[in-house]
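Participant: This structure is in C-alpha cells; I'll ask about it shortly.
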C-alpha cells in the first residue's frame, strides 16, 4: 500500500523506516517544516536531511495531502479542543476516498462524531489502534469481540505515570524525586504535565469509550466528559500505607459506554493491573468471553509504529 | 453469515446459541447422531431434542456438509494422527468454496500442509483462533503483528494443568489429591490424560509454530515433532522448593519457527507467566513491538465460541 505519513516524530519516523518491511511504500513524508514526495520516497535520505537541515523535504507541507497515496498515516502531535491539524488532515484524506490510520489521539478523542461523518461519506476507512496503548491491540480486540459485547475496559494507559508510581512504591521515594529521575532517564518528557495529570490516559479512555458508544448508537464523548485526577499530589506515604496492606497504587483509566474515569486507585500488589515500569495493561470485560488482559509496551516509536502498520495491514485494497 | 456447525459439545452448542447475537444464522447443526437443517434451524428446539432423544435431528450427518452455508464451524472432538473427521469435514467445505472456522485442533496440528493445499485451491478462507487459548486472541495477534515478525510464542495453554499446579503450590497438596479435587469440581475431565501429559498444550504449540512457519515458507509440524513432558510425576516437594526461592512451576508451551517444547518450568511466583487457576496466558515476542502478554479464559463453551464468532466476523462475505 502507498503511504503518506504526516508527522515525523518518533512514531512517524518509525513508520517510515519499517513500512517496506511490511510490504508498503512511502510516497510522502511531511511535517510542518516541509514535505518529501516520491515514488517511493528515499526515507533514509529524507530523515538524514531532516537531521541536517531541519526540513524533511522542500515541497510545502500541503503538497503531501494531494499526493497519490492509498492511506494517510496521521502522526502529528495530539492537540486538545479542535484537534488540529490532525483532524483536517484526516478529513482531507477521507474526502479523497483514501484510508486514514491515526497515531494522533486528538481527532478520535475530541471530534469523533464529525470524523465519523467524514468516514460515512468516504470510501476510505479509518483505523486508530496506535492511539491506545502503543503496541497493545486494545481497539482491535474490542472490535473482534464486538464492541457491543464489551461492558468495560480498564487499565494502565500511561507509561510515565506508571513508572513514577512503580518507583515510588519500590524505593519509598517522593513524587518529585522520581519524576526528575524519570526525566533524566528519558522516560518522562521535559513537560510531563499530560502524563501525570491524567490527561493522556483520559484521552485514551475517551477513544475506547467512543468505540463502545458507536456500537450502541450513542454520541461520542470528548475529554471534557471525562472525570480525571492525576498523581501529582500523591504522597509517598500513600504508597507505603498501601504496601503494608499488600496493595499498591496505579493510575487507572476506566471506560464504559457511559463515561470515562481516570485516577489513582488501590490495586493488589501482585495483581494483574499492577504492571511495573513503563508497561501498559488493558483489561477488557466481555459478556461471553470473560476478562481479557493484554499488556505490553504502551509507547515508543517502533512499538507504536507496529500498531500503525498492523492497522495498515487490515485495510482493504483500494 | 449462514453457519453450518458440526460438533454439538460445549463449543458447538455455544456457537449455535450465540450466533444470532452476532448477526449470523445457523442453517445446519450436526453431530454423529444426526443433523438438523433449516433456514434457519430452530437452535433451541434442536438442542432440546438432543437432550431428550440423544439426536440433534433426523437428517443424516452427511446432509449437513451439502447444505447451503457460508462457513462451516468444525467443532468435533480433536483427534490425533489422521485428525478425522475434522480434516475431511474442513476439506469438504473448502472444496465447495466455503469458509471454514475450526475449534478442532487436529487438522492444523496434524495435517496443516494438506489443509493449506485445500485452502489454496479454494475461494473459502480458513480460520482457527479458537484452537489456541480459548477466548485469548493469540493467532490473530500474531497475524496482525505479522507472523514473520514474531520470534517466539510462549505460555500457559492448558487450564487443567494450571489449576493443578496452582493448587499444589498454594496448598502443599499432592498431584493425585489435587487432580481428583479438580475432577470433582468439573475443572478436569474424567480422563485428563491429554491435559496433564502435555499433549493438549503441545497441539496448541504446534498450531502456533505452524503459523510462524507458514510465513517463512517452511513445512508444517505435527505433534510428533514436539518435545513434550507432562506434570504427572511432579512431586509436591518441587513446588515447595520453588516457593522458597520466590518461584513456582507452570506447564509452559513454547513455539518458535524451529519447533515446539512443552514441559514444567520454573517461573517467578508473581511474574506474568504465573497465572492462577484455569487462566491461560500467551506471551508473544515481536521484533519491533516488544513482548505482548495476553491472558484470559483458555477454555469453556461460551469463551471458545466467542473466538469462533470473532473469526466468523472477520471472514469476507461470500
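Participant: Residue under question is residue A:214, and the condition is that it be touching a strand residue (DSSP E or B) at 6+ places or on another chain (Cβ under 8 Å), surrounded by 15 or more Cβ atoms within 10 Å (Cβ to Cβ) and at negative phi; does it hold?
Facilitator: On the way: touching a strand residue (DSSP E or B) at 6+ places or on another chain (Cβ under 8 Å): no; surrounded by 15 or more Cβ atoms within 10 Å (Cβ to Cβ): yes; at negative phi: yes.
When the stated conditions are applied, residue A:214 does not pass them.
Participant: Continuing with the same structure: Of the residues A:276, A:272, which is more than 9 Å from every other protein chain (Cβ to nearest Cβ), more than 18 Å from the chain's Cα centre (by Cα) and farther than 30 Å from residue A:82 by Cβ? Let's see the steps before the verdict.
Facilitator: Numbers: A:272 fails: more than 9 Å from every other protein chain (Cβ to nearest Cβ).
Matching residue, one of A:276, A:272: A:276.
Participant: When you go through A:152, A:167 one by one, which is the residue that is part of a helix (DSSP H, G or I) and either modelled with pLDDT of 95 or more or touching a helix residue (DSSP H, G or I) at 6+ places or on another chain (Cβ under 9 Å) (or both)?
Facilitator: Matching residue, one of A:152, A:167: A:167.
Participant: Also: Test each condition in (1) more than 24 Å from residue A:135 (Cβ to Cβ); (2) surrounded by fewer than 19 Cβ atoms within 10 Å (Cβ to Cβ) for residue A:10 and report the one that comes out false.
Facilitator: With (1) more than 24 Å from residue A:135 (Cβ to Cβ); (2) surrounded by fewer than 19 Cβ atoms within 10 Å (Cβ to Cβ) applied to residue A:10, the lone miss is (1).
Participant: Let me ask something else about it. Looking only at the stretch A:288-313, which residues are within 7 Å of chain B (Cβ to nearest Cβ), in contact with a strand residue (DSSP E or B) (Cβ under 8 Å, 6 or more places away or on another chain) and either crowded, with 20+ Cβ neighbours inside 10 Å or touching a residue at least 12 places away in the same chain (Cβ under 8 Å) (or both)?
Facilitator: Hits for the stretch A:288-313 are A:289, A:292, A:293, A:294, A:295, A:296, A:297, A:303, A:306.
Participant: When you go through (1) more than 7 Å from chain A (Cβ to nearest Cβ); (2) in contact with a helix residue (DSSP H, G or I) (Cβ under 9 Å, 6 or more places away or on another chain); (3) under 27 Å from residue B:214 (Cβ atoms); (4) at pLDDT 95 or above one by one for residue B:285, which number turns out not to apply?
Facilitator: Status for residue B:285: all satisfied but (2).
Participant: Separate question: For residue B:266, state whether it is in contact with a strand residue (DSSP E or B) (Cβ under 8 Å, 6 or more places away or on another chain), more than 10 Å from chain A (Cβ to nearest Cβ) and surrounded by fewer than 24 Cβ atoms within 10 Å (Cβ to Cβ). So that I can check it myself, show each step before the final result.
Facilitator: Working: in contact with a strand residue (DSSP E or B) (Cβ under 8 Å, 6 or more places away or on another chain): yes; more than 10 Å from chain A (Cβ to nearest Cβ): yes; surrounded by fewer than 24 Cβ atoms within 10 Å (Cβ to Cβ): yes.
Spelling it out, residue B:266 is indeed in contact with a strand residue (DSSP E or B) (Cβ under 8 Å, 6 or more places away or on another chain), more than 10 Å from chain A (Cβ to nearest Cβ) and surrounded by fewer than 24 Cβ atoms within 10 Å (Cβ to Cβ).
Participant: Also, quick follow-up: Looking at B:113, B:97, B:70, B:82, which one is on the phi > 0 side of the Ramachandran plot and more than 14 Å from chain A (Cβ to nearest Cβ)?
Facilitator: Details: B:113 fails: on the phi > 0 side of the Ramachandran plot; B:70 fails: on the phi > 0 side of the Ramachandran plot; B:82 fails: on the phi > 0 side of the Ramachandran plot.
B:97 is the lone residue from the list that is on the phi > 0 side of the Ramachandran plot and more than 14 Å from chain A (Cβ to nearest Cβ).
Participant: Of all the helices (runs of 4 or more DSSP H) wholly in the stretch A:32-134, which have at least 1 residues that are loosely packed, with under 15 Cβ neighbours inside 10 Å?
Facilitator: Numbers: elements: A:43-53, A:61-65, A:86-95, A:106-110, A:112-120.
Filter on the stretch A:32-134 gives A:43-53, A:61-65, A:86-95, A:112-120.
Participant: Right, another one. Would you be able to say whether some residue in the stretch B:245-258 is over 26 Å from residue A:298 (Cβ atoms), away from every other protein chain (no Cβ under 14 Å) and under 14 Å from the mean Cα position of the chain (by Cα)?
Facilitator: For the stretch B:245-258, residues over 26 Å from residue A:298 (Cβ atoms), away from every other protein chain (no Cβ under 14 Å) and under 14 Å from the mean Cα position of the chain (by Cα): present.
The values are calculated or read from the model by the stated rules, or taken from the named source; none is laboratory data. Since the structure is predicted, the reported quantities are computational estimates derived from the model, not experimental observations. Using ideal geometry, Cβ is built from the backbone for each residue, glycine included, and neighbour counts are taken over all protein chains shown.
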